[in-house]
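The values are calculated or read from the model by the stated rules, or taken from the named source; none is laboratory data. Note that this is a predicted model, so its numbers are computed, not measured. Glycine gets a Cβ as well: all are built from the backbone with ideal geometry, and neighbour counts include every protein chain shown. For the accessible areas, the whole protein counts, side chains as well, though only heavy atoms, and no ligand, DNA or RNA atoms are used. Shrake-Rupley method; radii C 1.70, N 1.55, O 1.52, S 1.80 Å.
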Amino acid sequence: MFLLSERATIFHHKQFFVVFFEIIYLSIYLPACLSVLSMFLNTLTPKFYVALTGTSSLISGLILIFEWWYFRKYGTSFIEQVSVSHLRPLLGGVDNSSPSNSSTSNGDTDSSRQNVSECKVWRNPLNLFRGAEYNRYTWVTGREPLTYYDMNLSAQDHQTFFTCDSDHLRPADASENPLECIRVAFENIGICATAYILLAEEEATTIVEAEKLFKQALKAGEVCYRRSQQVQHHGAQHEAQHRRDTNVLVYIKRRLAMCSRKLGRTREAVKMMRDLMKEFPLLSMFNIHENLLESLLELQAYADVQAVLAKYDDISLPKSATICYTAALLKARAVSDKFSPEAASRRGLNTAEMNAVEAIHRAVEFNPHVPKYLLEMKSLILPPEHVLKRGDSEAIAYAFFHLQHWKRVEGALNLLHCTWEGTVFHEVSVYPKKELPFFILFTAGLCSFTAMLALLTHQFPELMGVFAKAFLSTLFAPLNFIMEKVESILPSSLWHQLTRI
């Protein structure tokens, strides 16, 4: 123990002398460096400052133009994306999206589930077919109907639900080259169903063609599902394969039902959706009940719609614009054909009218963006593949498919027009308007500042030269002060011996 303590003392003494001699070294050579720098600054001409500020303005302007182009094309800042993707892992950044502690009480989880689900980006259950519908818009107008962010989320969804660790084709390879994904998938019979899904979604140019490909996918998917179902309890890998095959099978059947709906076979679509919900009652992430509600409204089977709402319009389940506004439509249907604002203002609202108005208010409080689209006060666009609950994107997706059902009910839109503005709700947001990233604002400010300096230096070279020298002198003033203090503290003899060394 004595030897250890003695060694520790010697080590600390060595550290002290190292730091001491480093301070002395800096005190010797920094004044010389500062004097050289001062001489260099004194020899600079105003033309140098003009060239410096002009070059800085040009570079920051080029960065600003590139950042703006990248933001317009991809919806994010290039500098921010590089920082998050590459620099943050090197600096030891921690992902804040890690799961919370498993010891959280069930009561807290249930109370926060509703708020979390309403702020989450969800896949649109009624999303159109990429090749047969979205691409048609591109062919006609030459414009892209989907954003890069939306398509990237779809790729992530496919990788999450349709792949597992045992697949030979990794998700990164599939996202880089879809055609290569299809080729490799056909070579591997285990994921042949997903290859047909890609063909039906991306390559089919009509709904009929997409339906044929989905039927082929269904045959392959059922074979894989039955095979993995038999061995799902043999290990974690087999369980993951079965979960993957289940997701693939449910997706195929739901899209086949949507094909039937789009081709006019609505009753067949309703039957397929009901059978799918009975076969897989726990897979609520696909929101198949919203597809069922839309099909039942097309059939005008309002009693069946009410039965579905009674099951899914529950406080413990995540709400959606489809559920809230469909419930409001059914309540409005009972009174809308005879509703008159003048008569209601004279005699007041009866019980049925009050229930209808309250249902509309409840729906508007959930998503205040929907009425303007239903009343055609705002123009509709193609719905996105993902929606934000209670946001403008969800309103577009709902109105795109359900506006015809509101028009079919006589007086429903009139009742909505007369009552929705009376709802007390939060200030309507401007989603999905994008806020400019910080780095675009920063580069814009930097470009403007350097351009102004370049202009002032060009117009008033002598004055700006004086300002630049004064600024640099002020910047190095603390360092000069420290050097003077060190010179006053050190003995002159020691200083002389060290300079000789």
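Annotations for the structure displayed:
- Ranked by how many other beta carbons lie within 10 Å on average, peptides 340-348, 323-331, 358-366 from highest: 323-331, 358-366, 340-348
- Pairwise label distance in nanometres, ARG123 with ALA334, each label 7 Å out on the Cα-Cβ vector: 3.7 nm
- Per-residue extension of 0.36 nm, minus the Cα-Cα distance of LEU375 and PHE48, leaves a gain of 111.4 nm for this segment.
- Förster-model FRET efficiency, 60 Å R0, ALA343 and GLN230, C-beta, rounded to 0.05: 0.35
- Rolling a 1.4 Å probe over the protein heavy atoms gives the stretch 236-378 an accessible area of 45 Å² per residue.
- ALA301/MET452 FRET efficiency (R0 51 Å; Cβ-Cβ; nearest 0.05): 0.15
- Gain on full stretching of the segment that runs from ALA470 to TYR74 - 0.36 nm per residue minus C-alpha separation: 138.2 nm
- Computed over the stretch 211-361, the P(r) curve from all C-alpha pair distances, binned at 10 Å from the origin, holds 10, 30, 26, 19, 9, 4, 2, 0 percent per bin.
- Linear extension gain, LYS485 paired with PHE442, 0.36 nm per residue minus alpha-carbon span: 11.6 nm
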